[in-house]
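A short write-up of the structure that comes next.
The values are calculated or read from the model by the stated rules, or taken from the named source; none is laboratory data. Everything numeric here is computed off the predicted structure, so don't read it as measured data. Note that each Cβ is placed from the backbone with ideal geometry, even for glycine, and that neighbours are counted across all protein chains shown. Surface accessibility is based on the protein's heavy atoms, side chains included, excluding ligands, DNA and RNA. Shrake-Rupley method; radii C 1.70, N 1.55, O 1.52, S 1.80 Å.
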Amino acid sequence: RVFVVGGGKAAVPMTASIFELLGDRITSGAVVTKYGHAGGWSAPGFAVIEAGHPVPDESSVRGAEAVVRLAEEAGEHDLVICLISGGGSALLTRPVAGARLVDLQAMTDDLLRAGATINEINTLRKHASAIKGGNLAQAAAPAHLVSLILSDVIGDPLDVIASGPTVPDTTSIEDAEEIRDRYGIPTALPFRETPKPGDPVFKNVYNVLVGSNRLAARAAVEEARNLGFNALLLGSYIEGEAREVARVAAGLAKSVRADGEPLRPPACLVWGGETTVTVRGKGKGGRNQELALSAALALDGCPGVLLVALATDGTDGPTDAAGATVTGETMARARAIGLDARAALAANDSYPFLDRLGCLIRTGPTGTNVNDLLFILVQ
């Protein structure tokens with residue numbers, strides 16, 4: 001028998017591709033994706049469940065239970081195909097014994113607002129979960145399990161992507177407790193240790209990386225060259241506070257404009273990775289929108305520059321925008337209609353500011369999820 005399970009923002013497009021390959025050889029399956037990301041896809045004997053992201057909800061728990069039930073049904077002569085992509089940490093939520101969903105929701109929200117990295121957030125998630133950190137592989141053992149993984153994490157550490165449900169965990173309860181205490185997260189969630197490298201539950205498990213931010217960034221550079229730009233990939237490890245990264249990006253744009261370094265115009269510099277936002281205000285926005293707003297301030301009055309910051313899955317933070325575009329003229333346009341960029345940035349309120357100016361990028365769900373891309377284009 002062949003079972004298909006999985007979770008993530010790109011889980012349904014991945015599932016559709018598997019169905020094209022295997023068709024009626026698939027016995028049954030269940031995948032969990034973000035609200036609005038299923039695209040109406042369905043198949044006989046297959047459950048598609050939409051759930052909450054980035055903060056899990058009751059549907060996240062229901063979806064995780066459906067996935068685990070199928071995994072546990074598989075025997076030693078069966079094959080489980082697991083499709084994992086970014087967002088799976090929230091979408092596949094199965095609290096450990098003694099934990100409540102409301103506590104997981106609060107912990108996730110607190111970590112996001114504190115500006116914790118995805119590696120740190122997922123360390124806590126793994127140890128408060130009965131599906132993450134290799135626990136899904138444990139549920140499927142002794143069946144053969146092939147996990148196809150689409151990375152949305154810097155450096156592609158397989159145990160961090162979607163909190164590594166089929167991957168040996170390299171972190172410990174002590175690591176989770178240290179992160180919790182360092183950020184001052186007021187949670188009393190019980191933590192449980194996870195399966196580690198060498199555990200026999202991974203004997204028949206094969207984890208395969210099928211897509212990443214670096215591959216997407218390299219493809220973008222190639223396309224920019226085809227369009228006539230001098231293009232350069234600056235790397236796929238961009239991280240840090242979005243507003244600080246924006247100032248660096250603006251500085252690079254000015255360097256290209258003034259000195260032709262590191263490239264002569266027309267130039268396209270490409271960065272990949274994922275920034276964070278420490279939320280201090282009560283506004284609405286996402287990390288890419290905050291980066292764009294901060295860059296607009298830094299580029300004020302600089303001609304011939306366009307900066308594009310976007311999330312490859314089409315959703316930046318809790319908004320309907322993938323990101324935003326700004327230029328050296330954006331601030332002049334804002335002042336002309338009475339918008340205060342510094343006040344918006346202080347309130348983490350980039351979405352309405354950029355929306356008023358027509359700067360937001362709205363793509364809808366893209367069917368993939370490989371972190372963020374930042375483009376600096378200079379005439």
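If you wrap segment 53-162's Cα atoms in a convex hull and average its projection over all directions, what's the area in nm²? Display every interim value, and only then the final one.
On the way: hull surface 25.8 nm².
Averaging across all directions leaves 6.5 nm² for the Cα convex hull.
Quick one: among A347, A292, A51, which has the greatest mean-square fluctuation in a GNM of the chain with alpha-carbon springs under 10 angstrom?
Taking springs between Cα atoms under 10 Å, the residue moving most is A347.
When the gyration tensor of segment 149-204 is built from Cα positions, what are the square roots of 5 times its three eigenvalues, in whole Å, from largest to smallest?
Equivalent ellipsoid semi-axes, largest first: 23, 16, 9 Å.
If you fit an axis through the alpha-carbon atoms of helix 287-298 and take the longest principal axis of the Cα set of the chain, what angle between them do you get, 0 to 90°, nearest 10?
That works out to roughly 10 degrees.
Would you kindly derive the ³J(HN,Hα) couplings of segment 365-372 from the backbone phi angles with the Karplus curve 6.51 cos²θ - 1.76 cosθ + 1.60 (θ = phi - 60°), listing them in order in whole Hz, with x for Gly and Pro?
x, 8, x, 9, 6, 10, 6, 10
At 1.4 Å probe size, with no ligands or nucleic acids counted, give the accessible surface of V48 in Å², nearest ten.
Per-residue accessible area (V48): approximately 50 Å².
Skipping prolines and chain starts, which residues have an amide H placed within reach, meaning under 5 Å, of the one on N207, given they are 5 or more residues away or on another chain?
So N207 has HN proximity to S147.
Quick one: which residues, 5 or more positions from V5 or on another chain, have an amide H under 5 Å from its amide H? H modelled 1.01 Å from N in the peptide plane, none for Pro or chain starts.
A30, I81, C82, L83
Length gain on complete extension for the stretch R113 to S172, per 0.36 nm per residue less the alpha carbon to alpha carbon distance?
Numbers: separation 59, 0.36 × 59 = 21.24 nm, distance 2.34 nm.
Full extension from R113 to S172 adds 18.9 nm.
Taking the Cα centre of the chain as the origin, how large is its charge dipole in debye, to the nearest 20, when only Lys and Arg (+1) and Asp and Glu (-1) carry charge on their Cβ atoms? Kindly include the intermediate steps, with their values, before the conclusion.
On the way: 34 positive and 43 negative charges, 146 e Å.
Computed charge dipole of the chain: roughly 700 debye.
Using +1 on the beta carbon of Lys and Arg, -1 on that of Asp and Glu, and nothing else charged, what's the dipole of segment 294-379 about the Cα centre, debye to 20?
Charge dipole of segment 294-379: 220 debye, to the nearest 20.
So what is the relative contact order of the chain, in percent, for Cα pairs below 8 Å that sit 6 or more residues apart?
Relative contact order of the chain: 15 percent.
Lysine pairs, Cα distance under 22 Å, 8 or more residues apart or cross-chain: how many in the chain?
For the chain, qualifying lysine pairs total 11.
Using Cα pairs closer than 8 Å and at least 6 residues apart in sequence, work out the relative contact order for segment 187-314, in percent. Display every interim value, and only then the final one.
Numbers: 134 pairs, mean separation 32.9, N = 128.
In percent, rounded to a whole number, it is 26.
Whole-Hz ³J(HN,Hα) for each residue in segment 91-105, computed from phi via Karplus 6.51 cos²θ - 1.76 cosθ + 1.60 with θ = phi - 60°, x for glycine and proline: what do you get?
6, 9, 10, 9, x, 5, 4, x, 9, 10, 4, 4, 6, 5, 4
What's the extension gain from S17 to A188 if we count 0.36 nm per residue and subtract their Cα-Cα distance?
Stretched out fully, the S17 to A188 stretch lengthens by 57.4 nm.
Would you grab the residues whose amide H sits under 5 Å from the one on N230? Only those 5+ places off in sequence or on another chain, please, with H modelled 1.01 Å from N.
Those qualifying (amide H under 5 Å, at least 5 residues apart or on another chain) are A267, C268.
Compute the signed sum of charges (Lys and Arg +1, Asp and Glu -1) over the other residues within less than 11 Å, Cβ to Cβ, of T33.
For residues surrounding T33, the net value is 0.
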